[in-house]
Amino acid sequence: MLQELFLALSGHPSPLFGKDGKPSREEFPLLSPSEAALLQSLGKVAELHRKLRAHIEWVAARHRSIISRAVATSIQQEHLARFQRKILDVESQILCKDARIVGAYDIVPLASIVSEFDDWHRRMTWLWDIATFMQPPPSSGGEPKPSSGCNGAWLINELRSATNTGFPEIEEAAIELGKVAETAWLRQLASWLLYSRLPAHGTDDFFIKGENAPEGDEMIYRKDAHLLPSFVIAPTASSILFVGKSLNQVRRRPQTRNTSKPLLQRSAESDLIQAHSKYLTALTLPIVPAQLSRAVSAIRLSVSQNVLQHLLPMEDITRLLSCLRDFMLLGKGDFALALISEAEARVQARQQSMGRLLQQDAVRAMQGLSIKDGELQQALTQVWKSLAREDDEIEDSGLEFASKHLKLVTASSKSSRPSTSDSSVEAAPQISHVAFNDLLFPSATSIRLVVDSPLDLFITAREAETYSSINAYMLAIRRATVRLSDLWRRSSARRDFPSSTGRSRKDPSSETKARLKRRAQATRKVWATCGAAMFLTSEIAAYFEGEIIKESCDHFETWVKSLVRAETVDETEASLGSEQPQKLSQRDPETLASGHRSFLAALTYALLLTDVQYTRELRSLLGNLDALVAFFNRLLDLQQKFDIEFDAGGTT
């Protein structure tokens, strides 16, 4: 019976226990109730061992998660092997007639054997729970489905939470398996941080994802928050993504624009990898979030100091910020006025041609209502030419940079190259869904920033879309002010001038006086409404552009250009407290990108773009003002035409 008992505990089928792990009453009728209860406890352990061993073999061989495979292998080679050694140890004590387990007359009490495995009841149950957490067993037999298995981050978090159960044996096992899981995760992290490569195996398990760009052979990298272990905070994850992307761009772009030498020599790359690997090997297990954050920060600073100062110099960042301020945020008022006047001229030309075409071919006229990207780009090109011709204060380099990176496209168009940066913040402000990009042209249009490498290390596609929304918002307000102010340029509509026929109105007839008086009384309210509306829109534009955008941009640019104490990747000097002269340097690109995200979020809130009710009312006001100006212009044109005909004698 003892032999059958040890065989059952070793995971082999035994007639001692049924399928449920309980001893069979029919085959062993002489068992007392106490003996049956003792055998039942051992039967549960034997049944768990048998199921666990079969399930773990499948997980270790076929699970989609490399981390789960590593944990399953550790359970096989360490914990189940330890249980097997315990069985052999108890069997050896019996054979050696150890007095601790063998009583008088060589009798082996069943209770003594049960007491030897008391520690394994809870441990084996917990190991089975972990195994089913990694891969739930099928409900109706057969093999498990790989798609139903957990990912590595969930398993790491589960093992970390198991250390707080209060049972020492479970805490010990959870710490051991947690170290195995975190070691496997660190190997994936090292592949990305040191070589900018996604893991060769278990890519679905790593929180960095790579996708092929719609155009070209470049890769788009992003982070998946669902695959982040609990010890990786959001800023650390962003730094990890930033470092890998930076190294990837260095390798994909071996030569700079001004030199034929590679950005990173092979010897320097080898030294950099060796230095960075020391920070990862210095991490203790289980991983401490603060320790991991310090290691990643040290690697990020090293990459910034040795690589990014050549790949993305400060001059490129300041040039981009100047372009965004001058043209996307309308810091250069001449650009907004030139774009609005060009758009108005093209819309009027289309309306005139549309009127003639409607009389000839109505179907073709309706098909030509939408505006094409080619026409929009021609309009923007004319704006660049007028700015270069009229305003000498705009630097050629800034205008050239803007003309290269800014495009006027329809709202349905996709950007030419999606950003590879994942600088997006989970708590980024949600911009109102109310659209302001359908006022400048008949179709919804927007000025889009083309984010190419290496500028995508600083600004993301989502941030570029935010700039496009702000630009359309500010252009709509400025356009309303311009259109209203144009009404006051029609002096003939507000004063009684000599007619175009040459006849003077110095001695107008009573009928003419009455007509002009009725006209002035009828349009007085309209002029008052237009004046109040122009005051409102001009004050809104002045407040947004002068008080918010200008002050915010000035503050942010001062912060960008300010020097800070140079951080060192070697923290031993700080720990020793040695007093050395502090070196000043520029902030690294990721810090600048993080500051830019905060700046853009604050600017979006300050411009009230997140207030749905306000933007809805403002959009309604701008639409009504557009209709008011159009109808009033039409009325003034008809009045002027009537006056000309009356003075010519064509109307009585």
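The values are calculated or read from the model by the stated rules, or taken from the named source; none is laboratory data. Because the structure is a prediction, the values reported are computed rather than measured. Cβ atoms come from the backbone with ideal geometry, glycine included; neighbour counts cover every protein chain shown.
So that you can scan it fast, the table gives a plain yes or no per residue for (1) under 22 Å from the mean Cα position of the chain (by Cα); (2) modelled with pLDDT of 80 or more; (3) not assigned by TED's automatic domain parsing to the domain that holds Ser302:
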residue	(1), (2), (3)
Cys553	no, yes, yes
Trp559	no, yes, yes
Val569	no, no, yes
Ala574	no, no, yes
Ser594	yes, yes, yes
Phe599	yes, yes, yes
Tyr605	yes, yes, yes
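Filter segment 439-493 down to the residues that are among the hydroxyl-bearing types (Ser, Thr, Tyr) and assigned to a helix (DSSP H, G or I) and list them by number.
Matches in segment 439-493: Thr466, Tyr467, Ser468, Ser469, Tyr473, Thr481, Ser485, Ser491, Ser492.
State yes or no: is Asn151 surrounded by fewer than 19 Cβ atoms within 10 Å (Cβ to Cβ), modelled with pLDDT of 75 or more and over 30 Å from Leu5 (Cβ atoms)?
No; evaluated as a whole, the condition is false for this residue.
Can you work out which of the residues in segment 192-221 that are at pLDDT 85 or above and surrounded by fewer than 18 Cβ atoms within 10 Å (Cβ to Cβ) is nearest to the chain's Cα centre (by Cα)?
So, considering only residues that are at pLDDT 85 or above and surrounded by fewer than 18 Cβ atoms within 10 Å (Cβ to Cβ), the one nearest to the chain's Cα centre (by Cα) is Lys209.
Pairs only if they're at least six apart or on different chains, beta carbon under 8 angstrom, first in segment 390-405 and of a type in the set (A, V, I, L, M, F, W, C), second part of a loop (DSSP other than H, G, I, E, B) and at pLDDT 80 or above; list them, first residue then second.
Pairs found: Ile394/Lys332.
From (1) at pLDDT below 80; (2) surrounded by fewer than 17 Cβ atoms within 10 Å (Cβ to Cβ), pick out the condition that doesn't hold for Arg350.
Tallying (1) at pLDDT below 80; (2) surrounded by fewer than 17 Cβ atoms within 10 Å (Cβ to Cβ), Arg350 fails exactly one: (2).
State which residue is surrounded by the most Cβ atoms within 10 Å (Cβ to Cβ) when the search covers only segment 306-339 and only residues that are within 14 Å of Leu592 (Cβ to Cβ) and out of contact with any Phe, Trp or Tyr (no Cβ under 9 Å at 6 or more places or on another chain).
It comes out as Leu308.
Could you check, for segment 392-411, whether at least one of its residues is at pLDDT 80 or above, surrounded by 14 or more Cβ atoms within 10 Å (Cβ to Cβ), over 34 Å from the mean Cα position of the chain (by Cα) and in the same structural domain as Thr460 (by TED's automatic domain parsing)?
The answer is no; no qualifying residue exists.
Name the one entry in Thr481, Thr460 that is of a type in the set (Val, Ile, Thr), at pLDDT 60 or above and in contact with an Asp or Glu (Cβ under 8 Å, 6 or more places away or on another chain).
Going through Thr481, Thr460 in turn, the sole match is Thr460.
Taking Arg565 as the residue in question, decide whether it is of a type in the set (Lys, Arg), touching a Gly at 6+ places or on another chain (Cβ under 9 Å) and modelled with pLDDT of 65 or more.
It is false that Arg565 is of a type in the set (Lys, Arg), touching a Gly at 6+ places or on another chain (Cβ under 9 Å) and modelled with pLDDT of 65 or more.
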